[in-house]
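Have a look at the structure below, then the notes.
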Amino acid sequence: MACSSPVNQARIQMLPELLARVSAGEARAFAELHALTRGRLRRIALAVGAAPHDVDDILQDSFLKIWRNAARFDCGRASAMTWMSAIVRNTAIDHLRTRRQPSVEFDEARLTEAADEPSPAEDFDYASAEPIVQGALARLPEDRRRLVALAYLEGESRASLSRRFGVPVGTIKTWLHRTILAVRKDCLSAAAAA
């Protein structure tokens, strides 16, 4: 395993300061951050499995996230490079997921005939279900209600929730699973009573 050169170490030590300046909106600091990290972050995107022709798009999205979230960087939790690497890794994984999802051309979808019978989702009475769900959510403890809202309404990642709540990712997953089961059970019992 090769050791980092003193020059590379000095550059890595500059990253937290650059992120602090980026969080203040300094474009010059962002350009410097980009120049110092783009090669390593490119290799991370490729290591995740991104196609070489997609890496530039992934990096652009990643650097945009870094720009927008620089104020959230906490050097007490991770190094600057680790934090940025996680952003690139997650962006690359999201990119790969969207590439794997099958898509249908709009014209083909438009020509497809509608089914004669409505689907169960079309028959569902959302108007009567909404107060039941609202009641079940209102009965949750505040922290669990906030967790569910952040995860499912705001789309916050499990890792981000882990940092926000100060617990391991596995605990976040368990809390979400148990909370959703409790809401489901509460909704079913309320619906049966109605």
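Of note:
- Those residues of the stretch 134-174 which are touching a residue at least 24 places away in the same chain (Cβ under 8 Å) and open to solvent by less than 60 Å² (accessible area, probe 1.4 Å), in sequence order: Gly135, Ala136, Leu137, Leu140, Arg144, Leu147, Val148, Ala151, Ser157, Ala159, Ile172
- Only one of the numbered conditions (1) surrounded by 12 or more Cβ atoms within 10 Å (Cβ to Cβ); (2) modelled with pLDDT under 85 is violated by Ala10, and that is (1).
- Only one of Phe124, Phe106, Phe73 that is of a type in the set (A, V, I, L, M, F, W, C) and either at pLDDT 90 or above or open to solvent by less than 70 Å² (accessible area, probe 1.4 Å) (or both): Phe73
- None of Leu41, Leu33, Leu19 is out of contact with any Lys or Arg (no Cβ under 7 Å at 6 or more places or on another chain) and over 30 Å from Arg99 (Cα atoms) except Leu19.
- Count of the stretch 41-91 residues which are closer than 21 Å to Phe30 by Cα, small (Gly, Ala, Ser) and in a helix (DSSP H, G or I): 7
- Search result, residues across the stretch 139-156 that are touching a helix residue (DSSP H, G or I) at 6+ places or on another chain (Cβ under 7 Å) and either aromatic (Phe, Trp, Tyr) or in a loop (DSSP other than H, G, I, E, B) (or both): Arg139, Leu140, Glu156
- So Arg28, is it open to solvent by 50 Å² or more (accessible area, probe 1.4 Å), part of a helix (DSSP H, G or I), in contact with a Leu (Cβ under 7 Å, 6 or more places away or on another chain) and within 26 Å of Gln9 (Cβ to Cβ): no
The values are calculated or read from the model by the stated rules, or taken from the named source; none is laboratory data. Keep in mind that this is a model prediction, so the values were computed, not measured. Quick reminder, even Gly has a Cβ in these numbers, built from the backbone with ideal geometry, and neighbours come from all protein chains shown. Just so you know, the surface numbers come from the protein's heavy atoms only, side chains and all, with ligands and any DNA or RNA stripped out. Shrake-Rupley method; radii C 1.70, N 1.55, O 1.52, S 1.80 Å.
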